[in-house]
1. Which is the longest stretch in the chain that no exposed loop site breaks, taking sites as trypsin sites (Lys or Arg not before Pro) with a DSSP loop state and at most 10 other Cβ atoms within 10 Å?
2. Give the calculated FRET efficiency between Ser20 and Val138 to the nearest 0.05, with a Förster radius of 25 Å applied to their Cβ-Cβ distance.
3. Which is the longest stretch in the chain that no exposed loop site breaks, taking sites as chymotrypsin sites (Phe, Trp or Tyr not before Pro) with a DSSP loop state and at most 13 other Cβ atoms within 10 Å?
4. Can you tell me which aspartates and glutamates have their Cα less than 14 Å from the Cα of Lys133? Leave out same-chain residues fewer than eight positions away.
5. Between Leu37 and Tyr213, what is the spin-label point distance in nm, taking each point 7 Å from the Cα along the Cα→C-beta axis?
6. Grab the Cα-Cα distance for Leu161 and Phe128, subtract it from 0.36 nm times how many residues apart they are, and report the gain in nm with one decimal.
7. In the P(r) worked out for the chain, what percent of Cα pairs fall beyond 34 Å?
8. Take the Cβ-Cβ distance between Asn121 and Lys50 as r, set R0 to 41 Å, and report the resulting FRET efficiency rounded to the nearest 0.05.
Amino acid sequence: MGQKSNLNGLNVSYLKDWNSIWYLSSVEYSKVLNEDLLLYRLVRSLNLYKKVNRAIKLFNIMKIRVCRISNCIIIKLYYSFELRLKRNQHSFRWLKKWKKMNLRYITTKLIININNLFSNNHSVYISFYKMCKLSLKVDVNFLAKKLAFLIENRIKFRSRLVKKIISETKKLSFGVFVSCSGRLNGVDIARIDSISHGAIPFQNINKNVSYGYSVANTKKGLQNLKVYINI
């Protein structure tokens with residue numbers, strides 16, 4: 001616990017729920033587990049955006065939940081449009097691999113790809129849930145993605161903007177701990193830096209400490225971000 005590992009596995013069925021909900025025999029278990037892992041990779045690989053006034057809002061999936069009932073697959077997607085870019089030449093070059101947002105396009109593309117992915121005939125149901133701003137401030141996955149997005153856009157880890165975002169999450173929680181490892185600020189030697197606000201008891205399993213992870217792809221290499229929030 002003192003080494004700051006992934007705490008989500010320890011709190012499953014006690015403080016947290018499963019991401020995939022189904023029950024099968026031991027013979028079919030490995031097959032369905034690999035199908036779920038492929039499904040998670042497929043859904044997270046969606047690169048979509050939409051234009052709003054002078055900004056470009058990016059489509060981000062925060063949570064994915066899969067429920068299987070006989071031959072039915074129910075997929076719940078929790079998404080947001082909080083990551084933004086200014087509309088200029090740099091942003092349009094960055095969005096070459098991305099596509100415009102359209103919920104009909106997403107649902108049809110997902111259902112076609114899922115049917116091609118699975119060998120058996122499944123009936124697929126997809127539901128979208130938009131997350132509000134208050135829930136996003138406490139969400140670890142969103143905070144990790146937002147900090148990685150800022151670092152990719154050449155903002156320093158210990159800048160005022162990053163400290164302001166972390167302090168805002170501290171107001172809605174008991175404590176926040178963020179660690180970043182890699183070639184910070186373009187330095188030649190890799191190192192680890194961390195910012196903490198409040199109390200996060202890593203030794204206590206009874207506390208609801210959520211864990212999030214993200215990777216920032218910079219010109220100097222990859223930087224790993226780990227976020228812990230004591231809700």
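1. On the way: sites that count: Arg54, Lys96, Lys97, Arg154, Lys219.
Between exposed loop sites, the widest span is 155-218.
2. Numbers: r = 23 Å, r/R0 = 0.93.
The formula returns an efficiency of 0.60 here.
3. On the way: sites that count: Tyr14, Trp18, Tyr23.
In the chain, the maximal stretch lacking such sites is 24-231.
4. Glu82, Glu168
5. Placing both labels 7 Å along Cα→Cβ, they lie 1.3 nm apart.
6. Details: separation 33, 0.36 × 33 = 11.88 nm, distance 3.04 nm.
Additional length available on full extension: 8.8 nm.
7. Details: 5717 of 26565 pairs.
Within the chain, distances greater than 34 Å cover 22 percent of Cα pairs.
8. Details: r = 33 Å, r/R0 = 0.81.
E between Asn121 and Lys50, to the nearest 0.05, is 0.75.
Here, each number is a calculation from the coordinates, and none is a lab measurement. Since the structure is predicted, the reported quantities are computational estimates derived from the model, not experimental observations. Because the Cβ atoms are built from the backbone with ideal geometry, glycine has one as well, and the counts that use them run over all protein chains shown.
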